[in-house]
Amino acid sequence: MAKVLLVLVILLALSFLLSIGYGSSGFLLSFHDIQSKILDYRLRRTILAALVGASLSSAGCAMQSLFRNPLADPYIIGVSSGASAGASIAIVLGLASSSLSLMLFAFASSILTVYVVYRIGGSTTSSLLLAGIAVATFLTGLTSLLIYMAGESMHKVIFWIMGGFWTANWVKVGLMLFTAFLGIALLYVFAWRLNALLLGEEHAESVGIDVSKFRAVIVAISALLTASAVSVSGVIGFVGLIIPHTMRMLLGFDNRVLIPFSVLFAMGFMPLVDLVARVAVPGELPVGIITSMLGAPFFIYLLRRGTGFGA
C-alpha cells in the first residue's frame, strides 16, 4: 500500500506540474508568463479537472459497492442524461447566457432526474438500476431531439455533451471544492457500511444497517458529486469506472482504503488527460473523447474478465 501511495503522490505532483506549466506553446519560461497564464487560466483549469476526477471516482466507488458490480459507474442512475437534457434545453431556448446559468440548469436537471429514478425504482437495488436505465434512455432520446431542433446552437450542445474544462473559472472551482469535499468526506464516513453491503443485504441488516435508507443516502451523495461534476465539465465518461476498479485490483475491496486512493489517483489522472486534450491537436479535443477511448477497451476487459465482485 505504501508503494502505491508513493506512486500516486508522484503522479499527482507531476500531473499538476505538467498541466500548469505546459501548453500548446510549450513550457512557461518567464515569471511574467507564469503569473499571467497560470493565474488566468491553467491553474483553475487544472484544479477543476482534479476535483471533477475526484468526485467521479469516489462516486464510482460508491456505485460499484452499492450495486456489487465493477461495471457500475456514477452515471448509472441517469445523472449524465439528466444534465445533458437540462443543458440542451437551456441552450436551445437561449437561456444559457453564461457558463454559470448553463451549469445551474445542468445541475438542477441532474438532481431532478435522480429523484425521478429513485421514486420509480428505489425499493431494491435491481429496480433502481432498471429505472436508471429506462429514464436515461428516455432523456437521451429527448437530448437527441433537442440537438436536431437546435439549429445554429447544435455545435454548442454537442461540444458541451462531449465534456471538457475550457470554461473553467473560479466560481466552478469553488462549487466543486465544496461539493467534492462534502461528498467524499461523507462517503468515507459511510465506508464501513459500504463494506458490509458488499457481503449482501442480509449481512448489512444483521449489523444494524437500514439498507433501504442507506441506499437512498448513498444515491443522494453520489448524485451530488456526479451532478456537480457534470454541471461544470459536461459528460466525461468512464472515469468513475476505470479509476475505482484499477485501485480495487491493486488494493482490494475495503472502501476505507479504496475511496481515498481512488480520489488521489483521479486527481493525478484527470489533469493529464486534460493536458493531452489541450496539446494533442490544434485547438482542443473534448476530454470526454479521450476518456471514452481509454475507457472502452477497459470496459471490454472487465466484461471478458467477469462482471461480478467475486470474479
| Which whole-Hz couplings ³J(HN,Hα) result when phi for each residue of segment 95-108 is put into the Karplus expression 6.51 cos²θ - 1.76 cosθ + 1.60, θ = phi - 60°, listed in order with x for Gly and Pro? | 8, 8, 6, 9, 5, 5, 5, 5, 4, 5, 4, 5, 5, 5
| query | GNM on the chain, C-alpha springs below 10 Å: top fluctuator among 94, 295, 121? | reply | 94
| remark: Per-residue ellipticity at 222 nm attributable to helices in the chain (runs of n ≥ 4 DSSP H, -39500 (n - 2.57) apiece, nearest 500 deg cm²/dmol) works out to -25000 deg cm²/dmol
| field | Relative packing of peptides 54-62, 157-165 - highest average C-beta neighbours within 10 Å first | value | 54-62, 157-165
| note | Residue-ordered couplings for segment 195-210, obtained by feeding phi - 60° into the Karplus form 6.51 cos²θ - 1.76 cosθ + 1.60 and rounding to whole Hz (Gly and Pro as x), are 4, 5, 5, 4, 8, x, 5, 5, 5, 4, 5, 5, 9, x, 8, 7
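If I take every Cα pair under 8 Å that is 6 or more residues apart in the chain, average their sequence separation and divide by the length, what percent do I get for the relative contact order? If you can, show how the numbers build up before the last one.
On the way: 471 pairs, mean separation 102.5, N = 311.
So the answer I get is 33 percent.
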| request: Rounded to whole Hz and in sequence order, give me ³J(HN,Hα) for segment 87-92 from the Karplus expression 6.51 cos²θ - 1.76 cosθ + 1.60, θ = phi - 60°, writing x for Gly and Pro. | output: 5, 5, 4, 4, 5, 5
| note | A student applying the Cα gyration tensor rule (rounded when a/c is under 1.5; otherwise prolate if a/b is larger than b/c, oblate if not) would label segment 162-311 oblate
| request: Identify all aspartates and glutamates with a Cα-Cα distance to residue 172 below 17 Å; exclude those on the same chain that are fewer than 8 residues away in sequence. | output: 40, 274
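Let me make sure I get this right: for the chain, a, b and c are the square roots of the gyration tensor eigenvalues over alpha carbons, sorted descending. Under 1.5 in a/c it's rounded, otherwise prolate if a/b > b/c, else oblate. Which is it?
Numbers: a/c = 1.88, a/b = 1.22, b/c = 1.54.
Oblate, because a/c is 1.5 or more while a/b does not exceed b/c.
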| query | So for 245, 203, 155, fewest C-beta neighbours within 10 Å to most, what's the order? | reply | 155, 203, 245
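Throughout, read-outs are computed from the coordinates displayed, never taken from laboratory work. Predicted model only: the values in this text are computed from it and were never measured. Please note: Cβ atoms are built from the backbone with ideal geometry, for glycine as well, and neighbour counts cover all protein chains shown.
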